[in-house]
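Right, one structure below, let's go through it.
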Amino acid sequence: MTADSTPALVKQADADTDGPAPAAPSAARGPRARNTKAYLTYVAGKIVGAAVSLFAVLVTSFFLFRLIPSDPVKQMTGGRRVSAEQLESLRHQFGLDQPMWQQFTDYVGDALTGDFGTSFQYHAPVIDKITEALPATLLLTGTAYVLYSALGIWLGTRTAWRNGSKSDRFHTALALTLYSVPSFWLGLLLIIVFSVGVGPIPGMFPTGGLESGNETGFAYVLDVAHHMVLPVITLVAVGYAQTLLVMRSSLLDEMGSDYLTTARAKGLRDDTVRRRHAVPNAMLPTFTLMFVNLGHVVAGQILVETVFSWPGLGGLFYQGLSVPDLPLVQALFFVFATAVILANTLADLLYPLLDPRVGR
């Protein structure tokens with residue numbers, strides 16, 4: 001037997017000269033495939049989390065409003081003298097004489113099919129009352145959402161870019177003040193000043209409602225717009241303040257970044273650096289806030305709608321609590337929470353498209 005006397009270092013050198021050995025085929029297809037798999041796992045986790053949250057809300061909505069110390073049947077009679085037999089008949093009609101566990105199972109089973117029962121006070125399907133009130137809520141809160149989102153982002157960008165200026169101090173102080181003011185208190189103040197009138201300021205706007213009831217055509221559109229002025233101002237004042245503060249804080253965090261210094265060193269104008277580089281990165285927290293507020297568009301603003309007697313979901317919820325109208329408030333609570341959960345989930349699913357670091 002002849003031993004191989006070639007030194008090991010010579011063999012290694014020959015192997016290096018010949019080039020690396022071909023890599024074995026791999027099942028992975030590079031970073032794109034790994035990122036896609038990670039993103040799908042991320043999406044699946046968010047969807048499962050949303051489903052669990054929705055079921056938890058469904059359970060909570062049943063038990064929460066049964067803690068209210070009030071008898072719905074007696075409230076429905078309006079204080080009139082009613083015999084015990086009549087009260088028992090009403091309880092049997094609405095299923096309130098059944099054991100709690102049976103009421104719960106019936107509620108969950110019906111809710112999963114879209115049946116939220118019959119309203120105690122309106123004697124109509126709950127889903128019909130929600131459908132009737134939803135357009136008014138979307139009109140009011142949707143209009144306010146568009147206005148305060150655009151205004152908050154624009155002013156938040158300008159104040160942060162001019163940090164320390166008089167304009168920055170004024171807008172930041174105003175935003176902090178409005179953000180701290182309860183929306184219903186601000187609405188009442190606007191009604192007193194601009195609906196009732198104070199001193200030289202005459203009453204210019206209606207105290208509440210959606211319409212006057214005697215207009216048609218284009219005059220009806222103007223009438224609805226006239227009724228919307230004060231509630232929209234109330235919602236915009238609070239919403240824009242929150243958006244401005246978040247946008248300003250996010251942009252201030254980005255202003256000291258190295259990539260902005262590099263962009264300026266390349267000779268880019270300051271306006272271009274802000275618009276193309278700083279703002280898109282600072283928009284990420286504001287993007288999340290906008291989707292959270294988008295869920296509140298459907299949920300409405302209960303106190304604001306109540307103050308202005310707006311015939312939307314918020315006012316309907318307040319009326320349901322006064323009884324309490326259990327099927328109505330349970331369904332509305334579930335709708336409100338579902339809108340917020342779905343909006344947050346949608347934001348989570350879109351966030352990795354804006355920031356590739358998320359979902360890896």
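Magnitude of the charge dipole for the range 119-217, about its Cα centre and with charges confined to Cβ atoms of Lys, Arg (+1) and Asp, Glu (-1), is about 620 debye. The local environment of residue 342, defined by Cβ-Cβ distances under 13 Å, has a net charge of 0 under the rule Lys, Arg +1 and Asp, Glu -1.
Remark: the range 233-241, residue by residue, has Karplus-estimated 3J(HN,Hα) of 4, 4, 5, 5, 4, 6, x, 5, 4 Hz, where x stands for each Gly or Pro and the curve is 6.51 cos²θ - 1.76 cosθ + 1.60 at θ = phi - 60°. Pick out, from 263, 226, 188, the residue whose Cα sits farthest towards the positive end of the charge dipole of the range 159-291, with +1 on the Cβ of Lys and Arg and -1 on the Cβ of Asp and Glu. Most positive-ward Cα: 263. Rounded to whole numbers, the Karplus 3J(HN,Hα) couplings from phi for the range 302-309 are 4, 5, 5, 5, 5, 4, 9, 6 Hz, using 6.51 cos²θ - 1.76 cosθ + 1.60 with θ = phi - 60°, and x at Gly and Pro.
Karplus-derived 3J(HN,Hα) values for the range 142-155, using 6.51 cos²θ - 1.76 cosθ + 1.60 with θ = phi - 60°, are x, 4, 5, 4, 4, 5, 6, 5, 5, 5, x, 5, 5, 6 Hz; glycine and proline are entered as x. When only alpha carbons are used to place a centre, the range 108-140 and the range 273-316 end up 23 Å from one another.
Since every read-out is calculated from the coordinates, none of them should be taken as a lab result. Note that this is a predicted model, so its numbers are computed, not measured. All Cβ positions, glycine included, derive from the backbone under ideal geometry; neighbour counts span all protein chains shown.
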